[in-house]
1. For Trp72, which sequence-distant residues (separation of 5 or more, or a different chain) have an amide H within less than 5 Å of its own amide H, given hydrogens modelled in the peptide plane?
2. Work out the P(r) tail for region 9-163: percent of alpha carbon pairs separated by more than 24 Å, whole number.
3. Output ³J(HN,Hα) for region 104-120: one whole-Hz value per residue in order, computed from phi by the Karplus curve 6.51 cos²θ - 1.76 cosθ + 1.60 with θ = phi - 60°, and x for Gly and Pro.
Amino acid sequence: MNDPEHRDPAESRRLMRLFYRDWHPTRLGQVVNRLSGWWSALGLPPSIQAVIEVRGRVSGRSRSTPVVIATWEGQRYLVSMLGPGSEWVKNVEASGGVAVIRRRKRESVRLVPIPTADERAPVLREYVRIAASGRQHFPLRVGAPLSEFEAIAGRYPVYRIDPA
């Protein structure tokens, strides 16, 4: 769960409330995520979308989630648009960063958490620029100053994608 003080900005839009409530996908959101995941795993457009597979911390089964991969200064990153309460984030933390990214093929990776706001901020700004649906969950607009992204960086986990 994200900081209870901060409501998910996406919930201010009626359409987005069909898909997300309290920083979690609704049943409809889960169905759309499954379809999006299937689409992304096949490698269909847009090219920034993929699927992350992580071992479930409770079930031990592989859990798949559609994600957007942001590229900043030659490195690839994942951003949790739903904050630290996102199930995939909890599973990544429990797995020590071990994951698989699927987009046409399977790629074993290690997800390295980016700890500081000044390191996260430019990645968050790039994510908001490229992720049309993901940006709905951020209180900032495309092109906002880097300092504004630094101010919210603690609410959105960012992981660098390294080869396993």
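Bear in mind that the values in this text are calculations on the coordinates, not laboratory data. A quick note: this is a predicted structure, and the numbers were derived from the prediction, not measured.
1. It is Tyr77, by chain and number.
2. The calculated P(r) of region 9-163 puts 28 percent of pairs beyond 24 Å.
3. Couplings: 6, 9, 9, 10, 6, 9, 10, 9, 9, x, 9, x, 9, 4, 5, 7, 6 Hz.
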